[in-house]
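Asks: Okay, here's the structure, questions in a sec.
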Amino acid sequence: MRKQTGDVELIQVFAPDDAALWTGAEAASSEPFNASTGQPLSYRRFALASAVALLAAIVGVIALGDDENSNSAASTTTLAVPTTLRSLLDPTPNASPTTHYLIDDPSLTPYSADIVTPPADGEQVQVWTNGLPVGPIVIIALHPHSFESYGIVGASRDLVDGIEIVRPTAQPDTAISEFAVDDNWSVAVRATRLEDSEVAQIVHSIQVVDGELADGSAVMDALGLGRTFEAESLDDLIFGRVESSVRYLTADGEVATLRSATGISANRLAGVRYLAIDAQMFFYDSMYGRLADTGDIIVVWEEEGRLLSFVAPGELDEVIRLRGAVRAATEQEWSSMLYGLRPDYTLGDFETLATGFTTSGEFWAAGPQIAERAGRTEFLWWWTVPGRRNVTDSTATSTGVGSRPQVDTLVVPGGMFVFVTQPGEGGTVTVRTATGVELTAELAQPFAESEVFMAVVRVEEPGLVTVAINGLEVAV
């Protein structure tokens, strides 16, 4: 279904629901504990390394380099190519609905495979641009629930016109704001190359009417932006309508993911061009770039009517080489991948490093949890979700943990957790806020099997923070 509005053509798509990297019920003994009630917290874990990490590509959409083929559009016009609103839902002509793919290369270890189910009804995403992939770009995502429990790693937060705005430290051109519209709906806004005051203006203008985002063209027109894409998820614009995926472990124990999807290649290439970093064509139907949240390389192409995507860490030449090892799986091979593999991921002990109460009187707690994947020890940071009593979220620590003094910041609604680690020795952590407030904590060794010392400090003051261990400043 296509809808023409002035110079803007919309083609609707529906997003895939990417499965988690691992499955299985969690033992009660591995759940973080609520120190205020003596009851276990319900623990909702998620894997940022999966394609769900595209939410995070959402989180960090960065302006792309321009090229000779860019279309220069007026403030209310957008791309000349078709964009979003339904065509990716329909299978690509001549695409076999039973075709699945694998990577035939000995350097990768098969890890897991999934049949991807459609997403729940009610989500809606709009992407507004000035017709050029160099930005600015505004992404508005509507969710059918009243609370968005976000945790944004490596970021700082500010309050502007009553709106909480988060900026990733590594992506200062990106601003993020998430909020509840009413008892039924919440909205996430991602914007690049706009001032905080402009982002706040957009947030104040957002309304939901009968489960749909209301027309926001008046504010966007004033900013020189037109609606370029509309979909149920940004995943559709990057991957197409995903039907199956397989994951592999690299030699370093990191996850690489291959997806098979339906859709129209030209629409997806247009989406990737706007929503990945440094996106470039290398064949007429192929493109590569980097995901903003992880820095992983993404390669997209079409093969026998299927839209394929390969996301992996490492160097571009190696990722493109592995892309050449992709082939269609036989029915027996796919069944073996789907039913024969079991993700080797085990959650271990957790510890509570810090507890307290917010200025509004809400209890909070945070700490680390140890995990193991394919024989490698990993750490997670967990924290209580603001506004959701007895619920925790978690994320993987940065790669520097255990090898050098390391600071991980994590912004949540109403505050920020500062997680600090140092291998081999303890000491005192001092966190100084932008307003001059100093908070201190002692490094502790939470796990006997690991010589990493850790501490957590919660900060409510907005702005950047500085961190010192035993008086020596550590990069944030």
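Asks: What is the local net charge at residue 355, summed over the other residues whose Cβ is closer than 13 Å to its Cβ (Lys, Arg +1; Asp, Glu -1)?
Replies: Computed value for this residue: -1.
Asks: A further question on this structure: Quick one: net charge around residue 425, please, counting Lys, Arg +1 and Asp, Glu -1 for every other residue with C-beta under 14 Å from its C-beta.
Replies: My count for the surroundings of residue 425 gives -1.
Asks: Rank by packing, highest mean first: peptides 188-201, 354-367, with packing defined as the count of other Cβ atoms within 10 Å averaged across residues.
Replies: 188-201, 354-367
Asks: Let me test this: with uniform point scatterers at the alpha carbons of region 409-452, what is the Debye-based log₁₀ I(q)/I(0) at q = 0.14, 0.33 1/Å?
Replies: Calculated log10 I(q)/I(0) at the listed q: -0.43, -1.19.
Asks: Within 14 Å, Cβ to Cβ, of residue 252, how many net charges do the neighbouring residues add up to if Lys/Arg are +1 and Asp/Glu are -1?
Replies: Within the 14 Å Cβ shell, the charges total -3.
Asks: What does a probe at residue 325 reach in region 275-299, counting residues whose amide N is under 18 Å from the point 7 Å along Cα→Cβ?
Replies: 297-299
Asks: Related question: In cubic angstrom, how much convex hull volume per residue do the alpha carbon atoms of region 272-340 span?
Replies: 115
Asks: What spacing in nm lies between the two simple spin-label points modelled at residue 399 and residue 335, each 7 Å away from Cα in the Cβ direction?
Replies: Modelled inter-label distance: 3.9 nm.
Asks: So for 453, 419, fewest C-beta neighbours within 10 Å to most, what's the order?
Replies: Neighbour counts put them in this order, fewest first: 453, 419.
Asks: For region 171-226 and region 425-476, what is the centre-to-centre distance using only Cα atoms, to the nearest Å?
Replies: About 34 Å separates the Cα centre of region 171-226 from the one of region 425-476.
Asks: Let me ask something else about it. Report the FRET efficiency, 1/(1 + (r/R0)^6), for residue 376 and residue 214, where r is their Cβ-Cβ distance and R0 is 51 Å, rounded to 0.05.
Replies: 0.60
Asks: Using the Cα centre as the reference, give the magnitude of the dipole from point charges on the C-beta atoms of region 230-366 (Lys, Arg: +1; Asp, Glu: -1; all else neutral), rounded to the nearest 20 debye.
Replies: Here the size comes out at about 320 debye.
Asks: With label points built 7 Å along Cα→Cβ from the Cα atoms of residue 460 and residue 158, find their separation and express it in nm.
Replies: About 2.2 nm separates the two model spin labels.
Asks: Report the rotationally averaged projected area of region 346-474 based on its alpha-carbon convex hull, in square nanometres.
Replies: Spelled out: convex hull of the Cα atoms, projected over all directions, averaged, 7.8 nm².
Asks: Still on this structure, please answer the following. Evaluate the relative contact order of region 346-474 (contact order divided by residue number), counting alpha-carbon pairs under 8 angstrom at least 6 apart; express in whole percent.
Replies: Value for region 346-474: 19 percent.
Asks: Sticking with this structure for a sec: Would you mind getting me the FRET efficiency between residue 318 and residue 193? Use the beta-carbon distance for r and R0 = 41 Å, nearest 0.05.
Replies: 0.85
Only the coordinates and a few stated rules stand behind these numbers; no lab work does. Values in this document were obtained by computation on a predicted structure and should not be read as measured data. Don't worry about glycine lacking a Cβ; one is built from the backbone with ideal geometry, like all the others, and counts go over all protein chains shown.
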